[in-house]
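Colleague: Following this message is one structure expressed as structure tokens.
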Amino acid sequence: MAPPSTLAPEEIDRLTDDIVAALKTVYDPEIPADIYELGLIYRVEIGDDRHVTIDMTLTAPACPVAGEMPGWVENAVASVPGTSGVKVNMVFDPPWDQSRMSEEARVALDMW
């Protein structure tokens, strides 16, 4: 079990909300929904030093923007005031599937 954070709960909530908002600005160019609503973000961890670690995946390992998207995510989250740095880990376990999509993404993609 991780020790309790030295950041105030309100600060963690603010950072989390701002990070999610930043993630929602990143889109897969082939899909008209943001990566957060698509369910591509598996974990967001904010360290006591305000360094953000993100585990994310792609809709498919052979995605044409696989080499670029982690940089887009890093740049978006690095722009959040109060963060000290960002590390993006690309993971493929568990594999992404459509069940990870939000209702908003399903509406945008007409996938029911």
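Colleague: Does D55 qualify as being part of a loop (DSSP other than H, G, I, E, B) and among the acidic types (D, E)?
Modeller: no
Colleague: List pairs: first in the range 92-110 and assigned to a loop (DSSP other than H, G, I, E, B), second open to solvent by less than 50 Å² (accessible area, probe 1.4 Å) and of a type in the set (D, E), Cβ under 7 Å, 6+ apart or cross-chain?
Modeller: M101/E37; S102/E37
Colleague: Now for a separate question. Consider V73 carefully, then state whether it is among the aliphatic types (A, V, I, L, M), open to solvent by 70 Å² or more (accessible area, probe 1.4 Å) and free of Cβ contacts under 8 Å to residues at least 60 places away in the same chain.
Modeller: The answer is no for V73.
Colleague: For the range 73-89, does any single residue satisfy the condition of being assigned to a helix (DSSP H, G or I), under 15 Å from K24 (Cβ atoms), out of contact with any helix residue (DSSP H, G or I) (no Cβ under 6 Å at 6 or more places or on another chain) and at pLDDT 95 or above?
Modeller: Yes, the range 73-89 has at least one match.
Colleague: Something else now. Residue check: is G39 open to solvent by less than 80 Å² (accessible area, probe 1.4 Å), in a loop (DSSP other than H, G, I, E, B), at pLDDT 95 or above and not aromatic (F, W, Y)?
Modeller: yes
Colleague: I'd like to verify a number: residues in the range 1-23 that are part of a helix (DSSP H, G or I) and either open to solvent by less than 90 Å² (accessible area, probe 1.4 Å) or hydroxyl-bearing (S, T, Y) (or both), how many?
Modeller: Looking only at that region, the number is 12.
Colleague: Can you tell me which residue among V26, V52 is under 10 Å from the mean Cα position of the chain (by Cα), open to solvent by less than 60 Å² (accessible area, probe 1.4 Å) and modelled with pLDDT of 95 or more?
Modeller: The unique qualifying residue is V26.
Colleague: Also, I was wondering about something else. Can you tell me which residues in the range 76-90 are touching a residue at least 40 places away in the same chain (Cβ under 8 Å) and open to solvent by 40 Å² or more (accessible area, probe 1.4 Å)?
Modeller: S79, P81
The values are calculated or read from the model by the stated rules, or taken from the named source; none is laboratory data. Just so it is clear, the model here is predicted, and its values are computed rather than measured. Because the Cβ atoms are built from the backbone with ideal geometry, glycine has one as well, and the counts that use them run over all protein chains shown. Areas reflect the complete protein model, heavy atoms only, side chains present, ligands, DNA and RNA absent. Shrake-Rupley method; radii C 1.70, N 1.55, O 1.52, S 1.80 Å.
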